[in-house]
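All remarks here apply to the structure that follows.
The values are calculated or read from the model by the stated rules, or taken from the named source; none is laboratory data. Computed from a predicted model, the values in this text were never measured in an experiment. Every residue, glycine among them, receives a Cβ derived from its backbone with ideal geometry; neighbour counts consider all protein chains shown.
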Amino acid sequence: EERIAAIRALPKVELHLHIEGAAPPGFIRGLAQEKSLRLDGVFAPDGSYAYTDFVHFLQIYEAATSALRSPEDYARLTTAVLEESAANGVIYSECFLSPDFCGGGDLGAWREYLHAIREAADAAERSMGVTLRGIVTCIRHFGPERAKPVALCAAETAGDWIVGFGMGGDENKGRQKDFAYSFDMAREAGLRLTTHAGEWRGPGEVADAVNDLRVERIGHGVRAAEDLALVDRLAEDGVVLEVCPGSNVTLGVYPKLGAHPIDKLRERGVKVTVSTDDPPFFHTSMADEYEALAKTFGWDEEVFDEIARTSVEAAFCDADTKAALL
Ligand code: ADE
Ligand code: ZN
């Protein structure tokens, strides 16, 4: 239908994308073959990623990521990811980068990975018109001690390209406040902050993220919808949710998109944005997300326009970069 084609084609801003999670399975299989690595259990017979639940997803994610072993591998990955973004009408993207996977938290190694990623991103911007910025991320289930060298990597490379610091991983391990030292270090280096919360745990976790880490954006945050007083506080404080509807449905946070709170949150005044999280793992893309939201909630171009403006406003890049997007 014409209306849906127009919505798929809209220019898009994506704020929540894990670079390793955006690696197509064929890309990872190719790397493994080149290096003669065995990636047992990572792929289903049809070639897609195979996992059963969220904890297993994280294990498969890390196993697939183990095929990425050099700055050159990450440069090739960056190019592949941005080709897909551009094909989906994405004009600006912020992706999570993990020093844990890029040099094991060593600053010198991290600088080499970052240099390779940036070169690939700059080339993609020239050839495909999609702008990328990085958010350094620590991984919650690796624990607060491993987050400290990651925060140091973030602080030492903070600037016009590394624009934020964040945390992903298993929300059922530890507490947000265990990571306050690392988030404080990143904030003092001038980085903007986001953390995954309210994906697997309820509204209390979202409140912890805001109170204990003082983040201005939240990865997912959707389960805040279970506490209307908290929803109103998020709206009032202008906290931005990086909502990944397809991810939530595929991982079973909600049984179907119709049961997802994104539209209720938006209607109650919360700043919501739309992202894919780990698109090949969830068999999704930015155009697919837009189409599904249009069909399920009747979102029209006006709603997507509001989402785009919210996303640009909430982006962590500088004002000149934003101005070029509008
Ligand atoms: N890392 C990659 N995807 C994630 C997700 N959906 N939740 C937490 N950590 C992640
Ligand atoms: Zn995520």
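The table below gives the values:
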read-out	value
Filtered residues of the stretch 240-260 (kept if more than 11 Å from ligand 1 (Cβ to nearest atom), farther than 27 Å from Val312 by Cβ and in contact with a Phe, Trp or Tyr (Cβ under 9 Å, 6 or more places away or on another chain))	Gly252, Gly258
Test: residue in the stretch 145-153 that is part of a helix (DSSP H, G or I), closer than 16 Å to Cys95 by Cβ and within 15 Å of ligand 1 (Cβ to nearest atom)	yes
Selection count, the stretch 11-47, where residues are more than 16 Å from ligand 1 (Cβ to nearest atom) and not in a strand (DSSP E or B)	20
One residue from Tyr51, Tyr74 being part of a helix (DSSP H, G or I) and either of a type in the set (Ser, Thr, Tyr) or modelled with pLDDT under 95 (or both)	Tyr74
Counted residues, the stretch 190-203 - those being more than 16 Å from ligand 2 (Cβ to nearest atom) and buried (at least 17 other Cβ atoms within 10 Å of the Cβ)	3
Residues being within 28 Å of Pro144 (Cβ to Cβ) and either hydrophobic (A, V, I, L, M, F, W, C) or not in a loop (DSSP other than H, G, I, E, B) (or both) - total across the stretch 78-105	6
Candidate set from the stretch 222-271 (those that are within 15 Å of ligand 2 (Cβ to nearest atom) and in a strand (DSSP E or B)); member that is surrounded by the fewest Cβ atoms within 10 Å (Cβ to Cβ)	Val240
Counted residues, the stretch 20-34 - those being within 16 Å of ligand 2 (Cβ to nearest atom) and over 16 Å from Ser70 (Cα atoms)	2
For Lys12: the one exception among (1) surrounded by 20 or more Cβ atoms within 10 Å (Cβ to Cβ); (2) within 16 Å of ligand 2 (Cβ to nearest atom)	(2)
Filter result (part of a strand (DSSP E or B) and either surrounded by fewer than 24 Cβ atoms within 10 Å (Cβ to Cβ) or polar (S, T, N, Q) (or both)) within the stretch 106-133	Thr131, Arg133
Any chance Glu289 is outside any strand (DSSP E or B) and surrounded by fewer than 17 Cβ atoms within 10 Å (Cβ to Cβ)	no
Tally of residues being among the aromatic types (Phe, Trp, Tyr) and more than 16 Å from ligand 2 (Cβ to nearest atom) across the stretch 138-174	1
